[in-house]
Amino acid sequence: MSAILPPAKRVWWKEPLDRVELTWILIAFAWAMVLFFMMPYWHAFGRQNLSNEAYRISAEAFSAKAQAMVDKYTVREETEQKIPVVHPPEGSDVYLIARLWQWWPILELENGKSYRLHLSAMDYQHGFSLQPSNINLQVVPGYEMVITVTPNQAGNYSIVCNEYCGLGHHQMVSRLYVK
Ligand code: CUA
């Protein structure tokens, strides 16, 4: 027997299965099935995974929509970079842009009101992590992620990019206000 030469008996897969081997295959298969069905189960009953929609959109089209919202509903500016704070009306479409290395604009939502939140990236992949609610969404260029959100607790939330996106990744933080 040699690791370099081909095996003397070529049809090696016609060996009979050992009982122990078969048992392990069945255990692994059963566990794989459990994990597989946990995915839909956890989505429906785990109260953790968000139901979201995703659509194809170009960076230009998305930023045009975000700009239109900012032009209409900006109430003030914040931070050194003078990022607009937007207070859109209840039920409206709200846009949040992720780009190197900034979230734009800052959103101010009302407690108990519903909004359609659209997220997209202008350049590379970013991660939307809302703290302390622990909501996580991937923000991908070329697609917009849409979720219906109804904030149920007033406060100041932090948005952290949790997908490594280059040198300024650690500075890609923002805030979200719920009044
Ligand atoms: Cu954007 Cu990390």
(request) Collect the residues in region 53-90 that are closer than 18 Å to V149 by Cβ and open to solvent by 70 Å² or more (accessible area, probe 1.4 Å), keeping them in residue-number order. (result) Y55, K65, E90
(message) Residues that are within 16 Å of the ligand (Cβ to nearest atom): list the strands (runs of 3 or more DSSP E) wholly contained in region 73-179 that include at least 2 such residues.
(response) 93-99, 102-104, 115-121, 126-131, 135-139, 143-149, 155-161, 173-178
(message) List the residue pairs whose Cβ atoms are under 7 Å apart, where the first residue sits in region 155-173 and is open to solvent by less than 40 Å² (accessible area, probe 1.4 Å), the second is of a type in the set (D, E, K, R), and the two are 6 or more positions apart or on different chains.
(response) Y157/R175; I159/R175
(message) Among the residues of region 3-49, what is the count of those that are within 30 Å of N134 (Cβ to Cβ), out of contact with any Phe, Trp or Tyr (no Cβ under 8 Å at 6 or more places or on another chain) and not aromatic (F, W, Y)?
(response) 11
(request) From (1) of a type in the set (F, W, Y); (2) surrounded by 10 or more Cβ atoms within 10 Å (Cβ to Cβ); (3) over 26 Å from T148 (Cα atoms), pick out the condition that doesn't hold for W13. (result) (2)
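The values are calculated or read from the model by the stated rules, or taken from the named source; none is laboratory data. Bear in mind that the values here come from a model prediction, so they are computed numbers and not experimental data. Note that each Cβ is placed from the backbone with ideal geometry, even for glycine, and that neighbours are counted across all protein chains shown. Keep in mind that these areas ignore ligands, DNA and RNA; they rest on the heavy atoms of the full protein, side chains included. Shrake-Rupley method; radii C 1.70, N 1.55, O 1.52, S 1.80 Å.
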